[in-house]
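The values are calculated or read from the model by the stated rules, or taken from the named source; none is laboratory data. On a predicted model such as this, the values are computed, not experimentally measured, just so you know. Cβ placement follows ideal geometry from the backbone for every residue including glycine, while neighbour counts extend to all protein chains displayed. To get the accessible areas, we keep the full protein, side chains included, count just its heavy atoms, and leave off ligands, DNA and RNA. Shrake-Rupley method; radii C 1.70, N 1.55, O 1.52, S 1.80 Å.
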Amino acid sequence: MTEVNKVRLDKWLWAARFFKTRSLAKDAIDGGKVKYNQQSCKPGKAVELGIELVIRQGWVDKVVIVLELSDKRKNATLAQKMYSETDESIEKREKALIERKQMMDAHVAPAKRPNKRERRHIHRFKNINSE
């Protein structure tokens, strides 16, 4: 990759393929979903090698260490070489995934939707209990 001295945080997150667009990366930073060395920051913050970023994506936080700087978006294999995720972060994500799957397994969906008569009974029951 080319030698880059300064890269904006939103550009780096976009180039490292954490977000599809720079505006999504900017919104995430402004919304407090990205921490720069455990502190909130602005989208224009210059990224440095070796710093720790905590990125909230979906249900879990990813903790990554910056290994390379780039302001150009390239293919996914090169983007993955720009950072390394910590072992604790990987374990935490996998544990959270297993917990969510177990919660979904515990949820039993009804066999069928209630018909009109059954819905009337449900509404009557709810109205009696809500008063």
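Some observations on this one:
- Computed per residue of the chain from DSSP H runs no shorter than four, each worth -39500 (n - 2.57), the mean residue ellipticity at 222 nm is -13000 deg cm²/dmol.
- Fraction of accessible area attributable to carbon and sulfur, the range 1-85 (%, probe 1.4 Å): 48
- Summing Lys and Arg as +1 and Asp and Glu as -1 over all other residues whose Cβ lies under 15 Å from the Cβ of K112 gives a net charge of +3.
- In plain terms, the chain from R124 to K74 could stretch by 12.1 nm, reckoned as 0.36 nm per residue minus the Cα-Cα distance.
- Computed over the range 1-43, the range of Cα coordinates on each principal axis works out to 30, 22, 12 Å, biggest value leading.
- In summary, the range 15-115 shows an alpha-carbon radius of gyration equal to 1.37 times the 2.2 N^0.38 Å reference for compact globular proteins.
- Taking every protein chain into account, the accessible area of the chain amounts to 75 square angstrom per residue (probe 1.4 Å).
- Charge-dipole axis of the chain as Lys and Arg at +1 and Asp and Glu at -1 on Cβ define it, positive-most pick from P110, G32, M82: P110
- Computed packing ranks the peptides 95-106, 34-45 as 34-45, 95-106, most packed first, by mean other Cβ atoms within 10 Å.
- Of T77, T21, T86, the one that fluctuates the most in a GNM where the chain has Cα springs shorter than 10 Å: T77
- Think of each Lys and Arg Cβ as +1 and each Asp and Glu Cβ as -1; about the Cα centre, that makes the dipole of the chain roughly 1120 debye.
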